[in-house]
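The values are calculated or read from the model by the stated rules, or taken from the named source; none is laboratory data. Computed from a predicted model, the values in this text were never measured in an experiment. Virtual Cβ from ideal backbone geometry, glycine too; neighbours counted across all protein chains shown.
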Amino acid sequence: MKYNIDEVELISTKKIDYTQLRDLLKVGNWLKADQQTARVIRLASGKKQGDWLSAEDIQKIPCLELLTIDQLWLHSSNGHFGLSVQKRIFEQEKHNFGKLGKHLGWKKRNIDWLKASEVNWGTDNPRGYLPIGGGVVSQQWGEWLWGFEEAINKFPILSSSSSNYFSLMQRLAICQSNNLENIKVKSHQELSMKDVFICHASEDKPTVVDPLVSALEQANISCWYDKAEIHWGDSITQKVNEGLNISRFVIVVLSEAFLSKNFPQRELFSVLNKEIYSQEVKILPLLATSNNQEKESILNNLSFLGDKAYLTWDGDTDTIIQALSKRLSQKNT
């Protein structure tokens, strides 16, 4: 196999930038690359920096992310380092973590696990030596392990029983059973998706929709908004249909103005049909008024939404962002 790290496609469904990891590996800065690997694995699992990483979290890592990390290590080391290299040796050792540690040199005199200060960051290491612990074990004490000399000298970076490493190898086996090119095609399709479509009447743009869209963008939530997506000469019907098809959810801004407009109601009916057919939540109702009489009038006119939980617009976008983020998180797991 011909190795060329510049040919590794840096795509991510979790919006992770792999440029730094690639550049560190490219120049052979194995220590910094090992640390960066631990960071991107944590991000890929949905955890923030400093959060504890569990075996269950590792099972949530998308295959594209795991395979991209592995490809970067393989291509930077001519196949000498990488998760898949470790996996082959792990299987040879009958999934015995202690024997793996001896094989890879993660144990001193085949007995004691290395401390971080004892790791050899050169290229003259056994095959599979890096990333240390697959990037999920060496960070068990938290990212601060690398920042404090006392911690580095005191704690071993690996333990004799690591559920995280077993979980990583299990997840990698599942990912390798899929075709990487098929995963990439599917991932490209996912990257073209929008998190949410804003269905609304034009009268509600200045008071509700514009501030909501601004808040969504600041929260890094992608949205399909006609103001940004439809341009001079476009077919409005075609563009709206495309937007509905590539959006995970549809926020429907319900108001008296909405009730008087035919086009946004057609959008709502279209999404309602998708929701009924797929049996998955698509419609997220947002009442654009706090007036009880107006609320009652809107809900009476749209009785088919009567059993749906809704949010009410009061100018504060935090509640909407939190609720939508939770929905998106559930959809991605």
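What the table shows:
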read-out	value
Those residues of the stretch 1-20 which are loosely packed, with under 12 Cβ neighbours inside 10 Å and under 18 Å from Lys48 (Cα atoms), in sequence order	Lys15, Asp17
Residue within the stretch 38-50 that is out of contact with any helix residue (DSSP H, G or I) (no Cβ under 8 Å at 6 or more places or on another chain) and either among the hydroxyl-bearing types (Ser, Thr, Tyr) or not assigned by TED's automatic domain parsing to the domain that holds Phe166 (or both) present	no
Residue within the stretch 41-48 that is under 21 Å from Ser167 (Cβ atoms), of a type in the set (Ser, Thr, Tyr) and either crowded, with 20+ Cβ neighbours inside 10 Å or within 16 Å of the chain's Cα centre (by Cα) (or both) present	yes
Looking only at the stretch 125-146, and only at residues there that are over 24 Å from the mean Cα position of the chain (by Cα) and at pLDDT below 90, the one that is farthest from Ser163 (Cα to Cα)	Trp146
Selected residue (criterion: nearest to Thr289 (Cα to Cα)) from residues of the stretch 241-264 that are within 33 Å of the chain's Cα centre (by Cα) and part of a helix (DSSP H, G or I)	Pro264
Which listed residue, of Asn241, Asn245, Asn291, is over 17 Å from Lys194 (Cβ atoms), surrounded by 10 or more Cβ atoms within 10 Å (Cβ to Cβ) and in the same structural domain as Pro211 (by TED's automatic domain parsing)	Asn291
For His200: the one exception among (1) in contact with a Pro (Cβ under 8 Å, 6 or more places away or on another chain); (2) within 14 Å of Leu324 (Cβ to Cβ)	(2)
Cβ-Cβ under 7 Å pairs, at least 6 apart or on other chains, the stretch 35-52 side among the charged types (D, E, K, R), far side part of a helix (DSSP H, G or I) and crowded, with 22+ Cβ neighbours inside 10 Å	Asp51/Arg42
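Let's see how each residue does on (1) hydrophobic (A, V, I, L, M, F, W, C); (2) surrounded by fewer than 21 Cβ atoms within 10 Å (Cβ to Cβ); (3) over 18 Å from Lys32 (Cα atoms):
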| position | (1), (2), (3) |
| --- | --- |
| Thr68 | no, no, no |
| Gly82 | no, no, no |
| Glu91 | no, yes, yes |
| His95 | no, yes, yes |
| Glu118 | no, yes, no |
| Arg127 | no, yes, yes |
